[in-house]
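Here's the structure, in structure tokens; my notes come after.
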There are 4 protein chains.
Amino acid sequence: MEKSEVSRQQRKHPPLLAMDHLTHLDGDQRDCIEACTTCHEICLSMATTHSLRLGGKHVEQDHFRLMMDCAEICATSANFMLRDSPLHRLTCGVCAEVCSRCADDCAAVGEMHECVEACRACAHSCRAMAA
Amino acid sequence: MEKSEVSRQQRKHPPLLAMDHLTHLDGDQRDCIEACTTCHEICLSMATTHSLRLGGKHVEQDHFRLMMDCAEICATSANFMLRDSPLHRLTCGVCAEVCSRCADDCAAVGEMHECVEACRACAHSCRAMAA
Amino acid sequence: MEKSEVSRQQRKHPPLLAMDHLTHLDGDQRDCIEACTTCHEICLSMATTHSLRLGGKHVEQDHFRLMMDCAEICATSANFMLRDSPLHRLTCGVCAEVCSRCADDCAAVGEMHECVEACRACAHSCRAMAA
Amino acid sequence: MEKSEVSRQQRKHPPLLAMDHLTHLDGDQRDCIEACTTCHEICLSMATTHSLRLGGKHVEQDHFRLMMDCAEICATSANFMLRDSPLHRLTCGVCAEVCSRCADDCAAVGEMHECVEACRACAHSCRAMAA
């Protein structure tokens, strides 16, 4: 049993599951918040660990910057929905476009499967919210 | 079957579960990211929906501002950990302090059970990460 | 001579003026970054000091939430331009729309002159960048 | 006369100068907000333009990540002060530490003079605010 498993079982406050909360929001909105949050986490984390470690094409300016753009607009779109703002359609529209470009770019660079998948899922969800 | 349940079953890209990704990070770090993200979401969302709707003591400056401070430092701490930054101990230390104060304040204001719980869980997790 | 004036004269590191840096970016882009940053600062600061202290119509949900939406999209748009991202046109387009609505709403609420002015200036600048 | 100068003179809404607004805040606090904002802008912008273009040691993981940590904690600290939050002492304390490390690291990497200067000024200002 690895260390993190032990601590997970022993601690008093188990992690709140992502879909347990925010029940005051519409279900589709909660799903889109989750897709945006996941995409934000994966883009930011992969860029600053995986991409910086691998170097080369992974830190080429246009690619790396797009990953940072994607991470940021995902967080912003999630926040608009968390505020239950009617303007979330605007941010979700931009988010769908940025995520779609980031997915294509990550697929072209390669070795970014997790990021491609998260970006496609988020683009899909945001496109529906923006409609 | 409610509308959101239908759409959840029908769509092609199911949401990625929160703990499915970020496997390149340490387990305790992933748990703390999740606690921070959940606390960010609940504080931001409750403040701008529940608190603004109820008014009165819920929009008293010190209380409302503390919820915004808490939402922001949780997002910042999560991002430091997503970058796998060694400096996450510093942000987690501040996050534990802010979350602990926010939990106490929300408990005093009342009708903020979900927020109290998320803040206590995040304070607990961040305190361990900062140690 | 007030306290802050004294400290400003005595300290060793004078503040860098806003337009002294970022000379690697295009002049119009620097101006728009400044308009976004100023609008972010004024919306966030007035909402959490002025509006929360006055209460009443100043903390009505639709108005207060719009100020937070505005503060956030301004920061996000500024960051896209700071990264010199070609996608800044998308965020500037949304920013212009949100700022324009926030200016009108603040004008209707009243006692928000500074915010109205900052939002109009930012909407004007972002609209030009998005074109 | 270059293009950006012309547009600056012709436009109807001149940029609000950074120190013209936020007069409801204490002068030292306004100065620290400006130092944090400037440092955020320079770190984020230099990392995603200058550093990614130069490559090599400029995109080495520890260095690049530290610049992102620095950009983010500066924005967070500025926001705590913009909210006039009493907890800004906590975020300013962390910001001073991160900026100080970033200044040293940028000095060691070289070709980062503007960043070194902004980080040192921000560390100095935040240290005083945290005291």
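The values are calculated or read from the model by the stated rules, or taken from the named source; none is laboratory data. Everything quoted here is computed from the prediction, not taken from an experiment. Neighbour counts run over all protein chains shown; Cβ positions are idealised from the backbone, glycine included. All accessible areas refer to the heavy atoms of the entire protein, side chains included, with ligands and DNA or RNA removed. Shrake-Rupley method; radii C 1.70, N 1.55, O 1.52, S 1.80 Å.
Couple of notes before you dig in:
- Long-range neighbours under 7 Å by Cβ, at least six apart or interchain, first residue on the phi > 0 side of the Ramachandran plot within region C:31-58, second at pLDDT 95 or above: C:G55/B:V59
- Of the residues making up region C:52-63, not a single one is of a type outside the set (A, V, I, L, M) and crowded, with 24+ Cβ neighbours inside 10 Å.
- Hits in region A:85-102 (condition: in contact with an Asp or Glu (Cβ under 8 Å, 6 or more places away or on another chain) and within 12 Å of chain B (Cβ to nearest Cβ)): A:S85
- C:A96 being part of a helix (DSSP H, G or I), free of Cβ contacts under 8 Å to residues at least 60 places away in the same chain and touching a Lys or Arg at 6+ places or on another chain (Cβ under 6 Å): yes
- For region A:99-131, a residue qualifies if it is part of a helix (DSSP H, G or I), of a type in the set (A, V, I, L, M) and open to solvent by 30 Å² or more (accessible area, probe 1.4 Å), and the qualifying residues are A:A107, A:A108, A:A128, A:A130.
- A single entry from C:L54, C:L82, C:L17, C:L66 fulfils the requirement of being modelled with pLDDT of 95 or more and facing chain D (nearest Cβ under 9 Å): C:L82.
- Pairs linking a residue in region D:113-131 that is within 11 Å of chain C (Cβ to nearest Cβ) to a residue that is open to solvent by 30 Å² or more (accessible area, probe 1.4 Å), with Cβ atoms under 6 Å and 6 or more positions apart or on different chains, are D:A121/C:H13; D:A123/D:S100; D:H124/C:H13.
- When B:A35, B:A47, B:A78, B:A71 are checked against the criterion of being assigned to a helix (DSSP H, G or I), open to solvent by less than 10 Å² (accessible area, probe 1.4 Å) and farther than 19 Å from C:L52 by Cα, a single residue qualifies: B:A78.
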